[in-house]
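The values are calculated or read from the model by the stated rules, or taken from the named source; none is laboratory data. Nothing here was measured: the structure is a model prediction, and the numbers come from that model. Please note: Cβ atoms are built from the backbone with ideal geometry, for glycine as well, and neighbour counts cover all protein chains shown. Each accessible area value is taken on the protein alone, full model and side chains, heavy atoms only, with ligands, DNA and RNA left out. Shrake-Rupley method; radii C 1.70, N 1.55, O 1.52, S 1.80 Å.
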Number of protein chains: 2
Amino acid sequence: MNDHTQSIYSSDRNTIFPVVVLGGGPVGLFAVFMAGMMQLKCALVEALPQLGGQCQALYPDKPIYDIPGMPEISAGDLVAQLSQQMAPFKPTVFCGQTAEHVDQEEESGLFVIRTSAGRMILAQTIMICCGAGALVPKRPPLEGIEQFEGQSVFYSVPSGHGWAGKDIVIAGGGDSAVDWALVLAGSAKSVHMVHRRARFSAHEHSVARLQEEFQSGRVQLHAPYQLLGLEGQVGQISVVHVHDGAGGSKSLSADILLPFFGMQNDLGPLGRWGLDIDQQRIVTNPLTGQTSRAGIYAAGDIVTYPHKLKLIMTGFAEVAQSMHHLKGYLFPDQYVGVKHSTTLGNPGSWAS
Amino acid sequence: MNDHTQSIYSSDRNTIFPVVVLGGGPVGLFAVFMAGMMQLKCALVEALPQLGGQCQALYPDKPIYDIPGMPEISAGDLVAQLSQQMAPFKPTVFCGQTAEHVDQEEESGLFVIRTSAGRMILAQTIMICCGAGALVPKRPPLEGIEQFEGQSVFYSVPSGHGWAGKDIVIAGGGDSAVDWALVLAGSAKSVHMVHRRARFSAHEHSVARLQEEFQSGRVQLHAPYQLLGLEGQVGQISVVHVHDGAGGSKSLSADILLPFFGMQNDLGPLGRWGLDIDQQRIVTNPLTGQTSRAGIYAAGDIVTYPHKLKLIMTGFAEVAQSMHHLKGYLFPDQYVGVKHSTTLGNPGSWAS
């Protein structure tokens, strides 16, 4: 992966950062601001080539109505204003890469972060604001499926796939499964649909058309059946085994398997950092933002605790709680009180 | 007190309100908005004749820099935007009065609020967002002092006081105590200063001038001494008793007592509602906003819990937590999940 690190801000890259914020969505941008207000030098790591996270990437023009004090603002404008708000603090921004591994030096407690672009970042503390994490396809729990992915097992249909004349197995009962069965039935040698229920949850009209294909024999239905295992070699499947959950099983000849089981949020590498996780969310103390590892904090949609609300304003407040506790972690002998911005004055005039 | 109730919104005054918000500062205004987002009809009670709380009353032009997404906004503009944001939900607004008493009907659990303007408001739940409460002078703990207040005991010097030729006792060692001793020494018959320490915390220059007055005898110093008790009748003191904390005491002839012990936040009547209080703050569960009384919630600077930050953004998030729990209290059989404003759409189009 290329390193899209932006040098639009200062680029003191080989320093030790008091705080490294992971995630450049609204909550991450505000974390950079709060770090600055508490006079903590900060780096920001963002997976996408530009800042703004999901807001900016998926729905920049969508209006939001519940940001306190903003009767209406587009997601894109919110991100722009948060960027402007944090700008005086000149964070070092590493874009187009994610934090993959973290090691901690035993004596110093220093975190060594390695990114997907091969960059090493040194951090005294880490503030995780990765939102919902990455949205990834649900992968069926079949042994060895990884070796076929991208060659004969696909979670979405690549354009220019060239599957005419192939034996195709589609698993699932939603819109993707049904729509692609209808499309591929015209050109494939065979299309087998494997679904664990008799009913399909796809659009009514599509399901009706699918029934016609079942009757014409251009699509074979296997329901209620579920995926059981794969056979094949060097990335190429040859057989998909399915079972009916009651002792019955079948083997379907297949060149291509398309599991369409929807998407799920995935913590990705963060799930392997030794943090307490509950249902793909990082467990925090809501009053301090602390994760189960000292020095690692988290805020926003990625965290969970009793009564957690997935609202942007909640993420903002969690950032404030986290930054105050984090500063106490960095400076255990210092009293960390609330400093009001009305007293501190315009960050543009005092931030260095 | 006059009833400045504004009828700028709908005025269904004799209904039972699902939520009555106390306090029309930024957090209270946002509470009205959040109640509306959760489709709860709302009334708002504000002590001042206009909305906006301390922000609007004390520093409308002061810029704030740490509202998330707003690089700079004046307190007045913030209040204006919060008012605009909540307007679609048309709360009933009762201005110029405070909630003095609350009774709860045993069977229905309904709260009956009586305001300082004599109004009765019926509430299923109460959301307290009174900010810091009122700023009031610290009153010395002297038996019966109330009967003299405003006639011979004053916490600030009234203009046109006519105290020439009077015996005046001033208690305290800060700027107010020292400055007024210097002013009154010129015209009073006697000025006695009672201070529990030998050192004064007032401005250096004023303290130096006071030392001259001690030497000239125009001001008598009693330090380290503290107030012990008052004598007098029908509102008029005659003697102030003081003690040195080590068994010694004196009696000072006095027409006027000026206790200058600074200001403190005061919960006022809220302190007598049977809520758990800690240092003039209402104790809440930070995850639910619940006070110690079921159905009464609180948010913002008036609440306390471990790691509480007195920041506006924190108050906003507390409001969200409170409103979600409050809705569950009102509708125990209903699932209360987060609804995103991007999905609900513009409140102006659907709020009724």
(message) Can you tell me the length gained on complete extension of the stretch A:Q50 to A:R119, counting 0.36 nm per residue apart and subtracting the Cα distance?
(response) 23.1 nm
(message) Once you place label points 7 Å from the Cα toward the Cβ at B:Q39 and B:A351, how far apart are they in nm?
(response) 1.6
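Under the classification rounded if a/c is under 1.5, otherwise prolate if a/b is larger than b/c and oblate if not, where does the protein assembly as shown fall, given a ≥ b ≥ c as square roots of the Cα gyration tensor eigenvalues?
prolate
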(request) At most 11 other Cβ atoms within 10 Å plus a DSSP loop assignment makes a site exposed; report the longest stretch of chain A without any exposed GluC sites (Glu not before Pro). (result) A:144-352
(message) In whole percent, and with a 1.4 Å probe on the protein chains, what portion of the accessible area of the stretch A:152-257 is carbon and sulfur?
(response) 46
(request) Quick one: what are the phi-derived ³J(HN,Hα) couplings along the stretch A:26-36, Karplus 6.51/-1.76/1.60 with θ = phi - 60°, whole Hz, x for glycine and proline? (result) x, 5, x, 4, 5, 5, 4, 4, 5, 4, x
(request) For B:K90, go through the lysines and keep the ones whose alpha-carbon is under 27 Å away, minus same-chain ones fewer than eight residues off. (result) A:K62, A:K310, B:K41, B:K327, B:K339
(request) Distances from B:E143 to the same position in the other copies: list them in nm, one decimal, shortest first, using label points 7 Å from Cα along Cα→Cβ. (result) 8.9
(message) Could you derive backbone 3J(HN,Hα) for the stretch B:193-205 from the dihedral phi with the Karplus parameters 6.51, -1.76 and 1.60 (θ = phi - 60°), listing whole Hz in sequence and x where the residue is Gly or Pro?
(response) 9, 10, 9, 7, 10, 7, 7, 9, 9, 6, 4, 3, 4
(request) Would you tally the net charge around B:I237, using a Cβ to Cβ cut-off of less than 10 Å, leaving B:I237 out, and scoring K and R as +1, D and E as -1? (result) -3
(message) Percent of Cα-Cα pairs more than 30 Å apart in chain A, please.
(response) 48
(message) Along the Cα→Cβ direction, 7 angstrom out, place labels at B:S159 and A:K250. What is the inter-label distance in nm?
(response) 9.5
(message) Give me the summed buried accessible area for the B-A pair, 1.4 Å probe, to the nearest 100 Å².
(response) 3700
(message) Placing the label point 7 Å from Cα along the Cα-to-Cβ direction, what are the distances from A:P49 to the equivalent spots in the other copies, shortest first, in nm to one decimal?
(response) 6.0
(request) Determine the distance separating the Cα centre of the stretch B:325-351 from the Cα centre of the stretch B:255-313; give it in Å without decimals. (result) 28
(message) I'd like the residues of the stretch B:311-329 whose 1.4 Å-probe accessible area shrinks by no less than 10 Å² going from the isolated chain to the full set of protein chains.
(response) B:L311, B:M313, B:T314, B:F316, B:A317, B:A320, B:Q321, B:H324, B:H325
(request) Could you compute the FRET efficiency for B:Q84 and A:A294, with r as their C-beta to C-beta distance and R0 at 51 Å, rounded to 0.05? (result) 0.70
(request) Would you be so kind as to list the residues of the stretch A:285-308 that have their accessible area lowered by at least 50 Å² in the full protein complex compared with their chain by itself (1.4 Å probe)? (result) A:L287, A:H307
(message) Run the numbers for B:T343 and B:M263: contour at 0.36 nm per residue of separation, minus the present Cα-Cα distance, in nm.
(response) 24.1 nm
(message) Please report, for B:G162, the nm distances (one decimal) from its label point, 7 Å out from Cα along the beta-carbon direction, to the equivalent points in the remaining copies, shortest first.
(response) 10.7
(request) Specify the residue with the greatest mean-square fluctuation among B:P26, B:P60, B:P91, computed from a Gaussian network of chain B linking alpha-carbon atoms under 10 Å apart. (result) B:P60
(message) From the phi angles alone, apply the Karplus equation (6.51, -1.76, 1.60; θ = phi - 60°) to the stretch A:94-103 and give each ³J(HN,Hα) in whole Hz, x where the residue is Gly or Pro.
(response) 10, 9, x, 7, 10, 7, 8, 10, 9, 10
(request) Please figure out what share of the DSSP beta bridges in the stretch A:152-257 is antiparallel and state it in percent, rounded to the nearest 5. (result) 50
(message) What whole-number distance in Å separates the alpha-carbon centres of the stretch B:60-117 and the stretch A:164-227?
(response) 56
(message) Apply the a/c threshold of 1.5 to the C-alpha gyration tensor of the stretch B:185-316 and tell me whether it is rounded, prolate or oblate.
(response) prolate
(message) Just to be sure I understand: chains A and B are related by a rotation, so which residue of A has its Cβ closest to that axis, and how close in Å?
(response) A:A317, 2
(request) Could you tell me what percent of the DSSP beta bridges with both partners in the protein assembly as shown are antiparallel, to the nearest 5? (result) 50
(message) Helix-only mean residue ellipticity at 222 nm, chain B, DSSP H runs n ≥ 4 weighted -39,500 (n - 2.57), per residue, nearest 500. What is it?
(response) -6500 deg cm²/dmol
(request) May I ask you to find the residues of the stretch B:48-78 that are shielded by at least 30 Å² of accessible area once the whole protein assembly is considered instead of their isolated chain (probe 1.4 Å)? (result) B:K62, B:Y65, B:D66, B:P68, B:G69, B:M70, B:P71
(request) Compute the long axis of helix B:175-184 from its Cα atoms, compare it with the longest principal axis of the Cα atoms of chain B, and write down the angle in degrees, 0 to 90, nearest 10. (result) 50
(request) Would you work out if the stretch A:152-257 is rounded, prolate or oblate? Take a ≥ b ≥ c from the square roots of the eigenvalues of the alpha-carbon gyration tensor; rounded if a/c is under 1.5, else prolate when a/b is larger than b/c, oblate otherwise. (result) oblate
(request) Send over a whole-number figure in Å² for the accessible area per residue of the protein assembly as shown, probe 1.4 Å. (result) 45
